[in-house]
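Data block below; observations after.
The values are calculated or read from the model by the stated rules, or taken from the named source; none is laboratory data. On a predicted model such as this, the values are computed, not experimentally measured, just so you know. Here the Cβ is made from the backbone with ideal geometry for all residues, glycine too, and neighbour counts use every protein chain on show. For accessibility, only protein heavy atoms count, side chains too; no ligands or nucleic acids. Shrake-Rupley method; radii C 1.70, N 1.55, O 1.52, S 1.80 Å.
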Amino acid sequence: MQMKYFHSKSFRSKTIRPRFFFTKIYQAMFLSCVLILSPVVLFSVQTIEACAQENDKDGTTSELYALSAVLMDADNGRILLQKNGTEVLPMASTTKIMTCILALEQANPDDYVSVSSYAAGMPKVHLGVRKGDVFRLGDLLYSLMLESHNDSAAIIAEHVGNCLAGGGKRSADNSEEESKEAILRFAGLMNAKAEEIGCADTFFVTPNGLDAILTYQDDSGNEVQRQHSTTASDLARIMSYCIMDSPKKEEFLTITRTPAYSFSDYKLGEDGQWAAGGRQFSCNNHNAFLNMMEGALSGKTGFTGKAGYCYVGALARDGKTFTIALLACGWPNHKSWKWHDAKLLYEYGLSNFEKRNIYEKTDLSPVPVEGGICEDTVLQVQEQNISLLLSEQDEVHMELEVPDSLTAPVEAGKTVGWETYYVNGEVYAQLPITTAEDVLELTYRYCLDRILELFWL
């Protein structure tokens, strides 16, 4: 039996098809030609966030240093607490969670990728690669997520961008313009994925999170500028996708939870096989929060002069899974403020929310059938587990929508109504109410056939 969910994540996945328009217009983006951006409508997001704010009875948000912050139920994308959660802001290297998950989904970790001069020229923090170097893609993902190397992000994005264009051109052979185009193709893929999972206010320009602005022309020929930016709400949603929904979630968690990792570059041997080169690299995980709180799952730090200190993370404990996002959480010398805010949000979630199954078993009365061989038909609804995190302030109720009568013929399994569950006045889930049996129409032929059956008994 199908169950329709209307909380943010499930509603998106069932009703909004991804429109991968960016892969078709990457060159237009780079050349500042026409770029069409279709808005994504998220069901009841504003109301959910308003309710999340109302849950803040003890003033927790006033204790946060971050300009924008969100605590999210990772199971369903429901915002549990927020402070300016929809304010559009730069997000620095937290960007790299999207770069990583797309590389895992779109490319093979065992691909050997070469370095272009453009990627090698990325500013610090960087791995220190040189044009023509070759690395295993999977190794670069650890460089990306543990040390947050900007050149590794560019190498990964350029490789995937080359693959999107078709052909097998080596990144090392790209001109600067070709490298930029390939990376913008990857940025288009990032934006398509963001749209697919319901991020309405996110726009990626770079794969590493460096502050950037893209200039293009809209449908009317007007020049438009979009900065590399997101919201705390969208960023927490992207992390939820990475750890809960992506087909590569286990690989993502393995990478982001690794304390340290070492690897080498590669050289092509005389036998035509790749072999370890002479350069060795080591990476250490800079997500210190993994060791600060029991249940910490994943996370990514970020900083630029424009974005300030940023953080996106995930924690699972006591059957609860949270994601958080912090944007503009101080500037030097306040690097540790993000850890204070992360702990505060997680503790709030653990203390104030418990998982509850809001399903209510109901006895449905038979519904009259007009013109049928039976006077009425039995209705049914399949029992479901509708569990979510709820606080004492959350209000839940269920409403039934069934017809006063049906008209024959009626087919078994036909959806004739809905059992709708509301959380804080907004639709959260719907269960279909269906007919349990066929009811044939009472016709002259039906009556004649029954009489004949009785006659021949």
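Here are the numbers for this structure:
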| item | result |
| --- | --- |
| Options GLU360, GLU392, GLU419, GLU383; residue that is closer than 17 Å to ALA436 by Cβ, acidic (Asp, Glu) and in a loop (DSSP other than H, G, I, E, B) | GLU383 |
| Scope the stretch 243-264; condition assigned to a loop (DSSP other than H, G, I, E, B), under 24 Å from LEU326 (Cα atoms) and open to solvent by 70 Å² or more (accessible area, probe 1.4 Å); matching residues | PRO259 |
| Residues of the stretch 426-450 satisfying the condition of being over 22 Å from VAL369 (Cβ atoms) and either open to solvent by 50 Å² or more (accessible area, probe 1.4 Å) or among the β-branched types (Val, Ile, Thr) (or both) | VAL427 |
| Restricting the stretch 226-242 to residues that are surrounded by 24 or more Cβ atoms within 10 Å (Cβ to Cβ) and more than 9 Å from the chain's Cα centre (by Cα), the residue that is farthest from LEU89 (Cα to Cα) | SER233 |
| Subset of the stretch 107-151 [surrounded by 19 or more Cβ atoms within 10 Å (Cβ to Cβ) and in a loop (DSSP other than H, G, I, E, B)] | VAL115, SER116, MET122, HIS126, LEU127, VAL129, ASP133, SER148, HIS149 |
| Of the criteria (1) more than 30 Å from ALA436 (Cβ to Cβ); (2) of a type in the set (Asp, Glu); (3) surrounded by 13 or more Cβ atoms within 10 Å (Cβ to Cβ), which one ASP376 fails | (1) |
| In the stretch 300-319, the residues that are in contact with a strand residue (DSSP E or B) (Cβ under 6 Å, 6 or more places away or on another chain) and either free of Cβ contacts under 8 Å to residues at least 24 places away in the same chain or not β-branched (Val, Ile, Thr) (or both) | LYS300, GLY302, PHE303, TYR309, CYS310, TYR311, GLY313, ALA314, LEU315, ALA316, GLY319 |
| Output for the stretch 265-290, where each listed residue is open to solvent by 70 Å² or more (accessible area, probe 1.4 Å) and within 24 Å of LEU102 (Cα to Cα) | SER282, ASN284, HIS286 |
| Condition met for LEU104 (surrounded by 22 or more Cβ atoms within 10 Å (Cβ to Cβ), assigned to a helix (DSSP H, G or I), under 23 Å from the mean Cα position of the chain (by Cα) and free of Cβ contacts under 8 Å to residues at least 40 places away in the same chain) | no |
